[in-house]
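Asker: What follows is a structure written as structure tokens; I'll ask about it next.
The values are calculated or read from the model by the stated rules, or taken from the named source; none is laboratory data. Since we're looking at a predicted model, the values are computed, not measured. Glycine gets a Cβ as well: all are built from the backbone with ideal geometry, and neighbour counts include every protein chain shown.
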Amino acid sequence: MASKQMIPHDTITSAANPRVREAARLRDADARRETGLTLIDGRRELARATRAGVAIDDVFVDADSAAALLQEDSAATHDTPDEPRLANLAAGGTRITGLSQKAFERIAFGSRNEGVVAVARYRAGALADFTVTNDRPVLVIEGVEKPGNLGAILRTADAAGLAGVIVCDGRTDPANPAVIRASLGTVFTVSLAAASAHDTVAWCGSHGRRVVAAMPNGKILWHEARLAGCTAILLGSEAHGISGVWQQAANAGTIHLDTVRLTMAGAADSLNVSATTAVLAYEAVRQAGTSS
């Protein structure tokens, strides 16, 4: 029979509390780099982090919903895909803390309040530790600037079953809480590495990855390129495109580079980078299905 016992937890009422201040600082990239910590907003995102083995130091619960949430959690017998069991986290050493509305608002993600914010030990992995299968494409995202775009790209990689994602010369941190939220927690489910463009070029060359770069003036249409299999699908920032190191490496014979374009019937010359990623990712899925 499931236990009805409430999970032991502290309560903080002041928004100036040191623990609240330190958690709020993790919205800033410098604080994340210094500490190796980040914030996870939302129960589904926390559940995916937990299943991926991410270490959770603290869970802050909105006091307005704390009693119902903790009682519901105590009555549960196991985790569900979108609901982490706080009792399991607490048993593993995670601190569960209730916050007053004002204190919770200081650390929560704008108005999207699900009543739970966690402090987690997470950062993107190194390219040296990036291990993926050779039978599926990887996405290489260079110079991405907006957390929402990177989060959407990670969701696409997860949904399409791609091998992984490399963020090279990124202008937004994959551990940014806004990326985690926009990805719906798939940042934790996708093989992910962060690296420089030069190191990523070298990785593609040493692993025999054909590079297919999306560009407004690409030489061939997207569906004419071989996207399935051992490829690296490359997309650059919306402001600057891809850097010159890719063409230089192709000219030197380090990598094989194809450039592709999407048909654009209107005034704009390109799609949003996350929309382009989705088109190319699912074209790779289609090609893989056709050839199987």
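Asker: Those residues that are basic (Lys, Arg), over 25 Å from VAL201 (Cβ atoms) and touching a residue at least 40 places away in the same chain (Cβ under 8 Å), I need them from the range 149-191; list them, please.
Answerer: ARG181
Asker: Still on this model: When both residues are 6+ apart or on different chains and their Cβ atoms are under 8 Å apart, which pairs have a first residue that lies in the range 269-292 and is within 17 Å of ALA214 (Cα to Cα), and a second that is at pLDDT below 95 and aliphatic (A, V, I, L, M)?
Answerer: SER270/LEU262; SER270/MET264; LEU271/LEU262; LEU271/MET264; VAL273/VAL144; THR276/LEU262; VAL279/LEU262; VAL279/LEU271
Asker: Residues that are within 14 Å of the chain's Cα centre (by Cα) and surrounded by 15 or more Cβ atoms within 10 Å (Cβ to Cβ): list the strands (runs of 3 or more DSSP E) wholly contained in the range 86-157 that include at least 2 such residues. Steps first, answer last, please.
Answerer: Values: elements: 95-99, 116-121, 138-142.
Because the criterion is at least 2 residues that are within 14 Å of the chain's Cα centre (by Cα) and surrounded by 15 or more Cβ atoms within 10 Å (Cβ to Cβ), the strands (runs of 3 or more DSSP E) in the range 86-157 that meet it are 138-142.
Asker: Just to be sure before I move on: is GLU224 among the acidic types (Asp, Glu) and in contact with a Ser or Thr (Cβ under 9 Å, 6 or more places away or on another chain) in the structure I sent?
Answerer: So GLU224 does not fit the description; no.
Asker: Kindly evaluate ALA23 against the criterion of being surrounded by fewer than 21 Cβ atoms within 10 Å (Cβ to Cβ) and at pLDDT 95 or above.
Answerer: The answer is no for ALA23.
Asker: Go through the range 222-274 and give me each residue that's aliphatic (A, V, I, L, M), under 23 Å from ALA152 (Cα atoms), in contact with a Gly (Cβ under 6 Å, 6 or more places away or on another chain) and at pLDDT 95 or above. Steps first, please.
Answerer: So in the range 222-274, the residues aliphatic (A, V, I, L, M) come out as 225, 227-228, 232-235, 239, 242, 245, 249-250, 252, 255, 257, 260, 262, 264-265, 267-268, 271, 273.
With under 23 Å from ALA152 (Cα atoms) added as a condition, the list becomes 227-228, 232-235, 239, 242, 260, 262, 264, 268, 271, 273.
Applying the additional criterion that residues be in contact with a Gly (Cβ under 6 Å, 6 or more places away or on another chain) yields 242, 260.
Within the range 222-274, just VAL260 meets the criteria.
Asker: Of the residues in the range 207-221, how many are modelled with pLDDT of 95 or more and under 25 Å from the mean Cα position of the chain (by Cα)?
Answerer: Qualifying residue count for the region: 7.
Asker: Please pick out the residue among GLY253, GLY229, GLY266 that is in a loop (DSSP other than H, G, I, E, B), closer than 22 Å to VAL132 by Cα and either free of Cβ contacts under 8 Å to residues at least 24 places away in the same chain or not basic (Lys, Arg) (or both).
Answerer: GLY229
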